[in-house]
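Undergrad: Sharing a structure, written as structure tokens. Questions coming.
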Amino acid sequence: MDVLVLIGRLLLVPLFLGAAVGHLTKSKGMAQYAASKGVPAPRLAVLGSGVLQLVAGLSLLLGIWPDVGALLLVLFLLPTAVTMHNFWAESDPGTRSTASLMFQKDLALAGAALMLFAFFAYVGNDLGLTMTGPLFNLS
């Protein structure tokens, strides 16, 4: 089972590490988009969310408190879904469809990250192929 969980982690993290790099290297343009969505302090929010995704992605990739990394993804994805992909506020059908898809993607990833958090926190140190055990204990 350890290898399957490792493969799952390796398949999940490139999305967030790539997004983190984008947030940190293209923050000006992303901040303009965030501002158009009403995000307060958009540049700071973009940089902060980039750091959050980087920390979460590295945590899962390296297996350092992977439960915390998964929980950080939930804390990033839920507000992002509601704030940045508010399809219900879009009048253009194409934009509405794309925003709806992105909203659903973020919710699905948040659900998967929440399950991953629970899994790591429940299994604890019995799960191999991580550098540390979980910070939380749900068993």
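Just so you know, all these numbers are worked out from the coordinates, no wet-lab data involved. It should be emphasised that the depicted structure is a prediction, and the values quoted were computed from it without experimental measurement. We place every Cβ from the backbone using ideal geometry, glycine too, and count neighbours over all the protein chains shown.
Undergrad: Compute the acute angle (0 to 90°) between the alpha-carbon long axis of helix 2-25 and the principal axis of greatest extent of the alpha-carbon atoms of the chain; round to the nearest 10°.
TA: Approximately 30 degrees, to the nearest 10.
Undergrad: Now, a different point. Residue by residue through the range 33-46, what is 3J(HN,Hα) from phi via Karplus (6.51 cos²θ - 1.76 cosθ + 1.60, θ = phi - 60°)? Round to whole Hz and write x for glycine and proline.
TA: In residue order, the calculated couplings are 5, 4, 4, 5, 8, x, 6, x, 6, x, 5, 5, 5, 5 Hz.
Undergrad: Using label points projected 7 Å from each Cα along Cα→Cβ, tell me how many nm separate Leu58 and Leu15, to one decimal.
TA: 2.2 nm
Undergrad: If I take every Cα pair under 8 Å that is 6 or more residues apart in the range 2-126, average their sequence separation and divide by the length, what percent do I get for the relative contact order?
TA: Numbers: 137 pairs, mean separation 26.7, N = 125.
That works out to 21 percent.
Undergrad: Also, quick follow-up: In degrees, nearest 10, range 0 to 90: what is the angle between the Cα axis of helix 66-84 and the longest Cα principal axis of the chain?
TA: Taking the Cα atoms of the chain, the angle to 66-84 is about 10 degrees.
Undergrad: With everything on Cα atoms, drop me the angle between helix 93-123 and the longest principal axis of the chain, reported from 0 to 90° to the nearest 10.
TA: Its long axis makes an angle of about 20 degrees.
Undergrad: Same structure again: Once each part is reduced to its C-alpha centroid, what is the distance from the range 1-50 to the range 68-114 in angstrom?
TA: About 13 Å separates the Cα centre of the range 1-50 from the one of the range 68-114.
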